[in-house]
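Okay, structure first, notes after.
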Amino acid sequence: MNAPKSTQRGTVLVVSLIILAMATLIGVAGMNGSFIQERIAGNQKQTTEAFMAAETGMSEVLGILRDASFAHWGDSEESVKAIGDHDRFLGNGQVVAWRLADLSYQGGIARVRIQGEIIATGTQRIVEVELDRGLGGPTPESAYTCYGADCTTRTGSNSNNAIYYDGRDWQVPTGTSCSGAGCNGTIVADRSGDKAGIYLIGNDANDAIGTGNQDGNNRPDQIQGDPPVRQTDASVSTGGVSAGDWQQYADALISRSDTGQIDVNTGNTVDVSQFLGSRSAPAVNHVTGTGSIRLSGNTHGAGVLIVSGDIEIFPANGTMTFEGLIILRDGARLSSGSGTANVFGSIISLTGNEDAVDADLGGNFSLKYSSQALENLRDHGLWGNPLTAPRVVTWKEVVNTDT
């Protein structure tokens, strides 16, 4: 009996070829993945190198800008020339460079952009820093200072004990939620900081100060300071400060990007209390137009208020407290209003108004010179001598270079 013949069908060969093909595909895919990962890692390395180059350049430029001997602050073109806008190459294995991409000033703020780049691939990263050097600004020489031949002030007659223009140095209220007599503040024990109550510059006419009530009766007891009243026919103060110095300071404040811009429509009354800053975050606001602005009661604000135009400013309702500087320009003027107001700091009027009394205080309006309120502005870079070493406000990487 013959045994059946064995049949060779090739199944093992086919299976082996399939497995081999799959292994090959897996290997190729793995190699491709490795190549992609290598490229990603390479790109990331280049990005990091470019970023670090920008950081290196920023550190160098900030070292120059924050040096007290740097003489070109405020002039972008001269600053760039002094720093140099050419590429700086770093010897770290490949050609990496940084350059000063942009340097601009706005008020007391300098914005610096440094671009780091891998030269071979063109990979770039930009770092931006904002520095606040402080704005400087003249020192007030009285509680109320007016520049101009037509400066005229007046006090009210509601209270024999009222002091409306007070150049004695005052401390601000202990809290910012005060009301009534709690907002009066306290006089500083050391009298060396006292200023004049009223200082009229460019106007020493006998009738320039109407220190009486609406009928003009004399009330010198409503003005305090050292001296209570000072007048000169010169165009500058005893300290050599002119109206132009205050204008320059106000213009620098107005040019800041964080300054609030408030427009008063013709004849309207606008309540600006909601825009005032706080003691911990004093704000700068610029009011323009024609009409009136009201400082509502039960408000405690701080900062610098610049009023430009034919605008009357007055307190209304409740108790209003403001700490800082008020600068009146282009015919702006003060009125007593109907509320209770305490202003700690100083008020500067830059144009004596021939058609109206510049400061007609009365009722419950009290203006008190306060070095403490002014020092708070200095601490926040809004007034006073420029900081020796500008402080860094922001430090960030710029992704969208259009901003």
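Please specify each residue of the range 315-361 satisfying the condition of being on the phi > 0 side of the Ramachandran plot and over 27 Å from the mean Cα position of the chain (by Cα).
If the condition is that a residue be on the phi > 0 side of the Ramachandran plot and over 27 Å from the mean Cα position of the chain (by Cα), then N317, G318, G337 are the ones that fit.
Taking the condition among the hydroxyl-bearing types (S, T, Y) and either part of a loop (DSSP other than H, G, I, E, B) or surrounded by fewer than 15 Cβ atoms within 10 Å (Cβ to Cβ) (or both), does T288 pass?
Judged against the criteria, T288 is not a match.
Given the condition within 27 Å of G148 (Cα to Cα), of a type in the set (S, T, Y) and over 26 Å from the mean Cα position of the chain (by Cα), answer yes or no: does some residue in the range 190-197 qualify?
Within the range 190-197, not a single residue is within 27 Å of G148 (Cα to Cα), of a type in the set (S, T, Y) and over 26 Å from the mean Cα position of the chain (by Cα).
Looking at the structure I just gave you, is C146 at pLDDT below 90, touching a strand residue (DSSP E or B) at 6+ places or on another chain (Cβ under 7 Å) and more than 30 Å from R66 (Cβ to Cβ)?
no
Could you please let me know if S273 is loosely packed, with under 15 Cβ neighbours inside 10 Å and not acidic (D, E)? Please lay out each step first, then the result.
Numbers: loosely packed, with under 15 Cβ neighbours inside 10 Å: no; not acidic (D, E): yes.
Answer is no for this residue.
Could you tell me which residue of the range 326-368 is farthest from G137 (Cα to Cα), considering only residues that are hydrophobic (A, V, I, L, M, F, W, C) and in contact with a helix residue (DSSP H, G or I) (Cβ under 7 Å, 6 or more places away or on another chain)? Full working, then the answer.
Let us first name the residues in the range 326-368 that are hydrophobic (A, V, I, L, M, F, W, C), namely 326-328, 332, 334, 341, 343-344, 347-348, 350, 356-357, 359, 361, 365, 367.
Then keep just the ones that are in contact with a helix residue (DSSP H, G or I) (Cβ under 7 Å, 6 or more places away or on another chain); that gives 327, 344, 348, 350.
Numbers: I327: 12, F344: 17, I348: 12, L350: 14 Å.
By that ranking, first place goes to F344.
Scanning for something under 18 Å from Y249 (Cβ atoms) and under 24 Å from the mean Cα position of the chain (by Cα), does the range 388-401 turn up at least one residue?
Yes, because at least one residue in the range 388-401 is under 18 Å from Y249 (Cβ atoms) and under 24 Å from the mean Cα position of the chain (by Cα).
Would you mention how many residues in the range 220-240 are surrounded by 19 or more Cβ atoms within 10 Å (Cβ to Cβ) and touching a residue at least 60 places away in the same chain (Cβ under 8 Å)?
7
Checking the condition modelled with pLDDT of 85 or more, in a strand (DSSP E or B) and of a type outside the set (G, A, S), which residue from V96, V61, V80 passes?
Of the residues listed, the single one that is modelled with pLDDT of 85 or more, in a strand (DSSP E or B) and of a type outside the set (G, A, S) is V96.
So which pairs qualify, if the first residue must be in the range 276-289 and in the same structural domain as T266 (by TED's automatic domain parsing) and in contact (Cβ under 8 Å) with a residue 60 or more places away in the chain, the second must be buried (at least 19 other Cβ atoms within 10 Å of the Cβ) and among the charged types (D, E, K, R), the Cβ gap must be under 8 Å, and the two must be at least 6 apart or on different chains?
From residues that are in the same structural domain as T266 (by TED's automatic domain parsing) and in contact (Cβ under 8 Å) with a residue 60 or more places away in the chain, the pairs are R279/E323; P282/E323.
The values are calculated or read from the model by the stated rules, or taken from the named source; none is laboratory data. Remember, predicted model here, so these are calculated numbers, not experimental data. With ideal geometry, Cβ positions are generated from the backbone for all residues, glycine too; neighbour counts draw on all protein chains shown.
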